[in-house]
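The numbers here are math on the coordinates, done by the rules we state, and not lab data. It should be emphasised that the depicted structure is a prediction, and the values quoted were computed from it without experimental measurement. In this analysis, Cβ positions are derived from the backbone assuming ideal geometry, glycine residues included, and neighbour counts consider all displayed protein chains.
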Amino acid sequence: MIRGIGIDVVNIERFAETIRRTPALVGRLFTAKESEGLTARSLAARFAAKEALAKALGAPGGLAWHDAVIEGGRGEPPVIRLTGTCADRAAQLGATRWHVSLTHDEPVAQAVVILEG
C-alpha cells in the first residue's frame with residue numbers, strides 16, 4: 001500500500017548559482033559522503049529527492065536534511081537512507097520501504113519518491 005508520494009523539480013542553474021554564492025549550503029543540505037565529487041546538476045537532483053521525500057512524508061516541521069541521505073549514482077540506482085526525524089516520520093505513516101527516481105535534463109532536475117508500507 002502506498003503511504004506517501006512526492007515529486008519535486010529544481011532549476012539546475014539557479015541551484016548552481018545558489019551554492020556558488022553560499023558554498024556552506026552544500027554542507028547544510030548534504031552529508032560529506034553524499035555530496036563528494038558531485039556536480040551541481042547531480043546535487044540539484046539529490047536536493048529534489050529530499051524535497052520530494054519531505055512531501056511524501058507530509059511535510060511536517062522539524063525534518064533534518066542529514067536524516068535523508070541519497071546514495072548511488074555513477075551507474076548505480078539511487079537509494080534513500082532514512083535516519084532520525086525522517087525515519088521516525090516514515091514509521092508514523094507505516095512506511096517500511098521507499099523508492100526514489102532521479103532525472104536531470106537541462107534546465108531542470110526532478111525526483112519522485114514513493115513510500116510503501
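Side notes on the structure shown:
- Odd one out for residue 70 among (1) surrounded by 13 or more Cβ atoms within 10 Å (Cβ to Cβ); (2) assigned to a loop (DSSP other than H, G, I, E, B): (2)
- Of all residues in region 48-66, none satisfies being surrounded by 12 or more Cβ atoms within 10 Å (Cβ to Cβ) and either among the hydroxyl-bearing types (Ser, Thr, Tyr) or assigned to a strand (DSSP E or B) (or both).
- Any hit, region 86-101, residues being among the acidic types (Asp, Glu), surrounded by 15 or more Cβ atoms within 10 Å (Cβ to Cβ) and more than 12 Å from the chain's Cα centre (by Cα): yes
- Search result, residues across region 19-35 that are hydroxyl-bearing (Ser, Thr, Tyr) and either touching a residue at least 12 places away in the same chain (Cβ under 8 Å) or part of a helix (DSSP H, G or I) (or both): 31, 35
- All conditions in (1) farther than 20 Å from residue 9 by Cα; (2) out of contact with any Ser or Thr (no Cβ under 9 Å at 6 or more places or on another chain) hold for residue 67, with the sole exception of (2).
- Residue list for region 76-92, filter: among the charged types (D, E, K, R), touching a strand residue (DSSP E or B) at 6+ places or on another chain (Cβ under 9 Å) and assigned to a strand (DSSP E or B): 81
- Considering region 100-117, and only residues there that are of a type in the set (Gly, Ala, Ser) and part of a strand (DSSP E or B), the residue that is farthest from residue 70 (Cα to Cα) turns out to be 109.
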